[in-house]
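Note sheet for the following structure.
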Amino acid sequence: MTEAVTEPETSVEEPDEEPAGPSLHQPRRWLVVAGEVVAVVLLVIAAVWCWNRGVVRLEYPVDGREPLISTRLHGNWLGTAAAAVTLAVVLVLDAVRQALLALRTRPQKAADSDM
């Protein structure tokens, strides 16, 4: 017959302290906020430019009367403007989140001392 092979038991010791990972309070988050604010400004400028290119006003002269005015809408420019504004809103929300994390999160020692 074959004997069952048993491995010797090894005890695993748990570390006393948790490993130091990235914390929420990081001052470099302000750089992320600044970059996102610049991106939002550029996206809003691009959205306005695209919207202005997407709306074309045409005037047709008529003898003896006021000219006929029509508006032509280009969907590709208007869609690009809408996408740029949507992305800008998402970046504003993330910039607010990053700023709150940079401001309001306390180091772990201060949070533990309150309990």
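Within region 51-60, can one find any residue that is at negative phi and in contact with a Gly (Cβ under 9 Å, 6 or more places away or on another chain)?
yes
Taking the conditions exactly as written (out of contact with any Ser or Thr (no Cβ under 6 Å at 6 or more places or on another chain), in contact (Cβ under 8 Å) with a residue 60 or more places away in the chain and surrounded by 14 or more Cβ atoms within 10 Å (Cβ to Cβ)), does Ala81 satisfy them or not?
So Ala81 fails the test.
If Tyr60 passes every condition in (1) out of contact with any helix residue (DSSP H, G or I) (no Cβ under 7 Å at 6 or more places or on another chain); (2) at pLDDT 95 or above but one, which one does it miss?
Looking at each condition in turn, Tyr60 falls short on (2).
Considering each of Val56, Val38 in turn, give the residue that is surrounded by fewer than 13 Cβ atoms within 10 Å (Cβ to Cβ) and within 26 Å of the chain's Cα centre (by Cα).
The match here is Val38.
If a residue has to be in contact (Cβ under 8 Å) with a residue 12 or more places away in the chain and either surrounded by 10 or more Cβ atoms within 10 Å (Cβ to Cβ) or among the small types (Gly, Ala, Ser) (or both) to count, how many in region 59-75 make the cut?
3
The values are calculated or read from the model by the stated rules, or taken from the named source; none is laboratory data. All of these numbers come straight from a predicted model, not from anything done at the bench. Because the Cβ atoms are built from the backbone with ideal geometry, glycine has one as well, and the counts that use them run over all protein chains shown.
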